[in-house]
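The values are calculated or read from the model by the stated rules, or taken from the named source; none is laboratory data. Computed from a predicted model, the values in this text were never measured in an experiment. Here the Cβ positions follow ideal geometry from the backbone for every residue, glycine too, while neighbour counts run over all protein chains shown. Ligands, DNA and RNA are excluded from the accessible area calculation, which covers all protein heavy atoms including side chains. Shrake-Rupley method; radii C 1.70, N 1.55, O 1.52, S 1.80 Å.
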Amino acid sequence: MFSGIIETTGIIISLKHEASNLHFEISAPFVQELKVDQSISHNGVCLTVTAVNSETYFVTAIAETLQKTNLGTLEIADEMNLERSLLFNGRIDGHLVQGHIDQTATCLT
């Protein structure tokens, strides 16, 4: 679960296409605190950490995610809005959101 409030931004270091999936390598200020299998919201999309090294971490977006979000349009050096999942041992500001995309919409104005 997420609050919907952006914590920081990350920079895309590398992109790797594998079949219909897209693997992201991302640099972010909180990399040293991450563990594999943690959920992080990337531009509002919940993705699971698949690997972590000293300066970057990795996540994968599957075809369905790429079709319903802007993640497939991002390029190396682009910034992403990042938010780690909520801690339930303190104040929870904002609003609870899952980070899973149900559908897309078109803004008319």
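For Ile13, indicate whether it is open to solvent by 40 Å² or more (accessible area, probe 1.4 Å), in contact (Cβ under 8 Å) with a residue 24 or more places away in the chain and assigned to a loop (DSSP other than H, G, I, E, B).
Criteria not met by Ile13.
Filtering segment 16-26 to residues that are loosely packed, with under 14 Cβ neighbours inside 10 Å and either touching a residue at least 40 places away in the same chain (Cβ under 8 Å) or within 18 Å of Ile76 (Cα to Cα) (or both) leaves Lys16, His17, Glu18, Ser20, Asn21. Considering segment 54-102, the residues that are part of a loop (DSSP other than H, G, I, E, B), at pLDDT below 90 and under 15 Å from the mean Cα position of the chain (by Cα) include one that is nearest to Val36 (Cα to Cα), namely Ser85.
Condition first: under 22 Å from Asp102 (Cα atoms) and at pLDDT 95 or above. Can you find one or more residues in segment 7-20 that meet it?
Within segment 7-20, the subset under 22 Å from Asp102 (Cα atoms) is 20.
Filter once more, keeping what is at pLDDT 95 or above: 20.
Scanning segment 7-20 turns up at least one residue that is under 22 Å from Asp102 (Cα atoms) and at pLDDT 95 or above.
Of the residues in segment 42-64, how many are under 28 Å from Gln103 (Cα atoms), open to solvent by 10 Å² or more (accessible area, probe 1.4 Å) and not aliphatic (A, V, I, L, M)? Number of matching residues: 8.
Is one or more of the residues making up segment 30-40 in a strand (DSSP E or B), surrounded by 14 or more Cβ atoms within 10 Å (Cβ to Cβ) and within 11 Å of the chain's Cα centre (by Cα)?
Filtering segment 30-40 for residues in a strand (DSSP E or B) gives 39-40.
From what's left, surrounded by 14 or more Cβ atoms within 10 Å (Cβ to Cβ): 39-40.
Within this subset, residues satisfying the condition of being within 11 Å of the chain's Cα centre (by Cα) are 39-40.
Yes: one or more hits.
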